[in-house]
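The values are calculated or read from the model by the stated rules, or taken from the named source; none is laboratory data. Being a predicted model, the structure only gives us computed values, none of them experimental. Cβ sites come from the backbone with ideal geometry, for glycine too, and all protein chains shown count toward neighbours. With ligands, DNA and RNA removed, areas are computed over all heavy atoms of the protein, side chains included. Shrake-Rupley method; radii C 1.70, N 1.55, O 1.52, S 1.80 Å.
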Amino acid sequence: MHELSICQALIEQVEQIAIEHSALCVTDIYLTIGPLSGVEPHLVEQAFPIAAAGTVAEKAKLTIDKSPVKVYCESCGTETIVAANRLLCGECGTWQTQLRGGDEMILQRVELESNKEE
Amino acid sequence: MCDTCGCNITPGNEHLVRADGKLAVTEDGKQAVNVLKSLLSENDHQAQHNRDHFDRHGVLAINLMSSPGSGKTALLEATIEALKDSGLSIAVVEGDLETENDAERIRAHGVPAIQIATGSACHLDAHMVHDALHQLDLDSVDILFIENVGNLVCPASFDLGHHHNITLLSTTEGDDKPAKYPVMFRAADLMLITKCDLLHVLDDFSPDKAERYLRELASSAPAFCLSAKSGEGLEQWLEWLSDAVKSHKERTEKDETIQPRIQIDGVKFHQVSGHHHDNAHAHSHGHAHPHTHSHPHDHS
């Protein structure tokens, strides 16, 4: 259950951004999380209020974009969406593929309310 | 992952950055800040610091991950004994929720061991490892083993600053573990199937099947069978290890370093930005091919 550690790291980053932009509060946080990041989006959603309590992000709405697992096959040149535990090319079945998506664990965007227009 | 040079901007997300520069204003007048940073960027930053520290001292750092009880400490004990007269010096950082037991087992073999008691934390992170490093004299160390908390889930997400990930799978666990825990096994630069002295009494574990499940994760990492108890298969592992030490010495002399083959959300970004990142190595199944990592994965 490392999602709480992840949320605490997220809150630290968000607090830093809020300070940099003299924000009163954070209203929205957008994440992208893929199945191969090792982080479960619904556990992040559960852990988020605990990590956010008492911070500038306490009332922020958390939106998680779940990215699909995509592999690129060099032998047949196709990109296919596959299951997280079978990264074989969806077209020709070879295992020598390159991951092109699905391992993200990224803070995409933060929306802030502040006093002044910048 | 690198957050400074812009290599984390992909065709998929660049519109966020380009739209209105770094700062945009939403329709209802809120400030929108596009961040595009790994959620673990603080940990990753500390990990890079640790890696620099290892490289300066010419230390090869290896992260051992597995379920509890799959034989990480036993493997280290056998490795220490086997390398006694090799001239290579070893140190160990032990991660467990509680007790000094594993560190004491290692110290009994005359090797320095620092125990990290994580309390309730299910993994080691780069900061914990950094604190432990202050208690070690790295100048006299060639190989630092970091024995992670026994757990097939969480440790895979945290870069500690090490150079290689090794994932152990013991024969008593079931050969489909790579399919059940893809994040962990995909992160492995080497998979060690341990307790293979028990194979003759276990009719439901097939090393070939375990390796097949590993390949289905698009991994070309070698897979060796060994037993720390009987000594069977240790030679191949020791050869891999001494090759890894040699390659690392050569790298550090050229001011280069290496990261574990799969670092969460780093690989893809660097590929998109045109950095060569050979994720699926050309050579096939690993039994007969020690994996030498001849190319540096230089995430600056």
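List of remarks:
- Conditions (1) without any contact (Cβ under 8 Å) to a residue 60 or more places away in the chain; (2) in a loop (DSSP other than H, G, I, E, B); number of the one not met by B:Ala91: (2)
- Residue within region B:24-41 that is hydrophobic (A, V, I, L, M, F, W, C), open to solvent by less than 10 Å² (accessible area, probe 1.4 Å) and modelled with pLDDT of 95 or more present: no
- Looking only at region B:215-234, and only at residues there that are open to solvent by 10 Å² or more (accessible area, probe 1.4 Å) and away from chain A (no Cβ under 14 Å), the one that is nearest to A:Arg100 (Cα to Cα): B:Cys225
- Yes/no for B:Asp197 being surrounded by fewer than 24 Cβ atoms within 10 Å (Cβ to Cβ), away from chain A (no Cβ under 14 Å) and modelled with pLDDT under 95: no
- Restricted to region A:1-99, the set of strands (runs of 3 or more DSSP E) holding at least 1 residues that are over 16 Å from the mean Cα position of the chain (by Cα) comprises A:23-33, A:70-73, A:79-81.
- Complete set of residues in region A:18-60 that are among the β-branched types (Val, Ile, Thr), surrounded by fewer than 21 Cβ atoms within 10 Å (Cβ to Cβ) and within 8 Å of chain B (Cβ to nearest Cβ): A:Thr27
- Looking across region B:235-260, the residues that are surrounded by 19 or more Cβ atoms within 10 Å (Cβ to Cβ), of a type in the set (A, V, I, L, M, F, W, C) and in contact with a helix residue (DSSP H, G or I) (Cβ under 9 Å, 6 or more places away or on another chain) come down to B:Trp237, B:Leu241, B:Ile258.
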